[in-house]
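Chemist: One structure, pasted below without further comment.
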Amino acid sequence: MSKVLILAEHDKGALKKVTLNTLAFARQYVAKFGGSYDFAVLGHNVAGVAEALRGYGAGAVHLADHADLQHPIASAWAKVLADLAKSIGADMVVAPATTTGKDVLPRTAVRLGAGMASDIIALTDSGAFARPMWAGNLTGNVKISTANKVISVRASAFDAAEATGGQSPVVAFAADPALASSRVKFVSFDGVQSTRPDLAEAATIVSGGRGLKDRFYAVTEPLADVLGAAIGATRAAVDDGYAPNDLQIGQTGKVVAPQLYFAIAMSGAVQHLAGMKNSKVIVAINKNPDEPIFKVADYGLIADAFVAVPELTAQIKALRG
Amino acid sequence: MKILVSAKRVSDPNAKLAIAKDGKWIEGDVEYILNPFCENAIECALQIAEANEGTETVAIGIGDDETARFIRQGALARGIDRGILVSAEEASIDSDLIARIYQGVVHREKPDIVLLGKQAIDGDSNQVGQLLAEYLGWPQATFASKVEVSGNKAIVTREVDGGLETLEVSLPCVITADLRLNEPRFASLAGIMKAKKKPFDELEIDDLDLEDTDTKVQIVGLSTPSGRKAGVIVKDVTELVQKLRSEARAI
């Protein structure tokens, strides 16, 4: 019997959906191997996040509310998360593979003497964890041989779990982050000011490659505007300075799975495909018919993006009146 | 000041990979490159050294003679002062053991900053820097896009979801490099010649006084992910819109 502790991801007091994708993994795990799951909510003034998680069938929602947890400083969060796991006897700690999860979980693993598997996309019947490796070229099944296990979950590989009703108790945890002795100080956060949806949660993504050159925004923005879509980019477009890094989709960037993905003027490098191939519908627009992006696209249009995308934008706009 | 920086070789992600017969690693004629994020880390170490006179830079790699070649050509030829190779078979170590090997080297070398790539693009775990920081009890600043060192502090800007976070960490610390941190320089011909004569130590894991060399995570099987099937090619934008509307019901 396992006891799984799920670290909730939130943004200034609002629960993020990736937490529910991660819950879906935890439910699968306890359905297969037995046990129960609890949530951990870390932060400051985040009682609302704990409240939002009460209807999801957890044994308890543990609330570690402390001024020194306001920012997700890895050393402080990892200590509190590991302390909590020990105090409730959790043998598995799970979080979404966001930048916070990636930052905090390995340190938690060391504190628990646990092995950690990153970026899990599936669970096998024998208890191995499947994860993309070699830039997405291969899938590795890995076993964790320690009694305690730490897992980061690739949210796009699991459908968000539904609420089950009920009212899990919220239990306060007396957190001791020891931030003062951790020799780290939060200085500032420079948030991306955008009226567009978050890449990780967008239903539609308009993504551009190197082929758009310095007209990257001129081509992608109008289409994204009419669709209410987020904008993404390939590593090549980022490398060449046409798009900022926080738009980068791929194995080493963001991993997304929207309902509709427009892949514009990109080749379809393996490492990019690893970040978007779980999208429901993929549209590729490229003038070179031999590009590998057409091998994964549901709809391919062999055309010059500079001509086709404005036309596409105009037609969709006309449809929507 | 002293900086320890990683130089890991990885298989070229654009080359075709063959899975070994036991299904646990890759085999055959693999083409290797220096891990791109290690290139950013090396460049960052060189820039800190250039701005802080008297800084010593040391590159570390874990592997075999081939790895040694990458330490020389990828790190020493670019300007890193000396190299350390820890002999180990890459296929039989996990992130946790790599972090503990680094920890052993840190105890010998006593660097002020350990600079690593944020992840290696073969294992893709994104764990070693964080594990190492916790084993050492040091602060960390992962996914760095800007690093400024002054006195015994580093101001690090990090690429996080939704924006950029800036942290101030006291030295000694662990920093992991993200893509935008810098443009890695190329090795000059003079650099390549000099690299051959730079100090180079070879260590065995046994030299590092680790408690054990057990792994915590093991690969039990590799497979090629099942791909998507190619769909249809539409003749023009009008057909695309029509299909997206009536067939895919996506717009």
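The values are calculated or read from the model by the stated rules, or taken from the named source; none is laboratory data. As the structure is a prediction and not an experimental result, all values here were calculated from the model. Ideal geometry is used to build each Cβ from the backbone, glycine not excepted, and the neighbour counts take in all protein chains shown.
Chemist: So, in the stretch A:254-288, how many residues would count as being more than 8 Å from chain B (Cβ to nearest Cβ) and part of a loop (DSSP other than H, G, I, E, B)?
Modeler: So the answer is 12.
Chemist: May I ask you to list the residues in the stretch A:98-123 that are under 30 Å from B:ASN14 (Cβ atoms), at the interface with chain B (Cβ under 9 Å from one of its Cβ atoms) and either out of contact with any helix residue (DSSP H, G or I) (no Cβ under 7 Å at 6 or more places or on another chain) or without any contact (Cβ under 8 Å) to a residue 12 or more places away in the chain (or both)?
Modeler: A:THR99, A:LYS102, A:LEU105, A:ALA117, A:SER118, A:ASP119 - these are the residues of the stretch A:98-123 that are under 30 Å from B:ASN14 (Cβ atoms), at the interface with chain B (Cβ under 9 Å from one of its Cβ atoms) and either out of contact with any helix residue (DSSP H, G or I) (no Cβ under 7 Å at 6 or more places or on another chain) or without any contact (Cβ under 8 Å) to a residue 12 or more places away in the chain (or both).
Chemist: Could you tell me whether the stretch A:180-199 includes any residue that is in contact with a Gly (Cβ under 9 Å, 6 or more places away or on another chain), assigned to a loop (DSSP other than H, G, I, E, B) and at pLDDT 95 or above?
Modeler: Taking every residue of the stretch A:180-199 in turn, none turns out to be in contact with a Gly (Cβ under 9 Å, 6 or more places away or on another chain), assigned to a loop (DSSP other than H, G, I, E, B) and at pLDDT 95 or above.
Chemist: Same structure, new question: Looking only at the stretch A:185-204, filter to residues that are surrounded by fewer than 16 Cβ atoms within 10 Å (Cβ to Cβ) and of a type in the set (A, V, I, L, M); which one of those is nearest to A:VAL18 (Cα to Cα)?
Modeler: For the stretch A:185-204, the residue satisfying everything is A:ALA203.
Chemist: Still on this structure, I have one more. Tell me the residue from B:LYS235, B:LYS229, B:LYS194 that is modelled with pLDDT under 95 and farther than 30 Å from A:VAL150 by Cα, please.
Modeler: Values: B:LYS235 fails: modelled with pLDDT under 95; B:LYS194 fails: modelled with pLDDT under 95.
After ruling out the rest, the residue left standing is B:LYS229.
Chemist: Across the stretch A:211-241, what is the number of residues that are crowded, with 20+ Cβ neighbours inside 10 Å, more than 14 Å from chain B (Cβ to nearest Cβ) and either free of Cβ contacts under 8 Å to residues at least 12 places away in the same chain or outside any strand (DSSP E or B) (or both)?
Modeler: So the answer is 4.
Chemist: Kindly list the number of the only condition in (1) within 14 Å of chain B (Cβ to nearest Cβ); (2) under 23 Å from A:VAL255 (Cβ atoms) that fails for A:ILE73.
Modeler: Just one mismatch for A:ILE73, condition (2).
Chemist: Given (1) touching a residue at least 24 places away in the same chain (Cβ under 8 Å); (2) under 21 Å from B:ILE219 (Cβ atoms), where does B:ASP124 come up short, assuming only one miss?
Modeler: Condition (1) is where B:ASP124 drops out.
Chemist: If you take just the strands (runs of 3 or more DSSP E) that sit entirely in the stretch B:99-204, which of them hold at least 3 residues that are under 26 Å from A:ARG131 (Cβ atoms)? First the steps, then the outcome.
Modeler: Details: elements: B:113-117, B:140-150, B:153-160, B:163-170, B:173-177, B:200-204.
Passing ranges, in order: B:113-117, B:140-150, B:153-160, B:173-177.
Chemist: Within the stretch B:204-237, take every residue that is in contact with a helix residue (DSSP H, G or I) (Cβ under 7 Å, 6 or more places away or on another chain) and more than 7 Å from chain A (Cβ to nearest Cβ) and give me the one that is nearest to A:ALA297 (Cα to Cα).
Modeler: Among those residues, the one meeting the criterion is B:THR215.
Chemist: Those residues that are surrounded by fewer than 22 Cβ atoms within 10 Å (Cβ to Cβ), closer than 22 Å to A:ALA76 by Cα and not charged (D, E, K, R), I need them from the stretch B:85-137; list them, please.
Modeler: Selection gives B:GLN103, B:TYR135, B:LEU136, B:GLY137.
Chemist: Using the structure shown, decide if B:GLY79 is in a helix (DSSP H, G or I) and surrounded by fewer than 24 Cβ atoms within 10 Å (Cβ to Cβ). Let's see the steps before the verdict.
Modeler: Working: in a helix (DSSP H, G or I): no; surrounded by fewer than 24 Cβ atoms within 10 Å (Cβ to Cβ): yes.
No, not satisfied.
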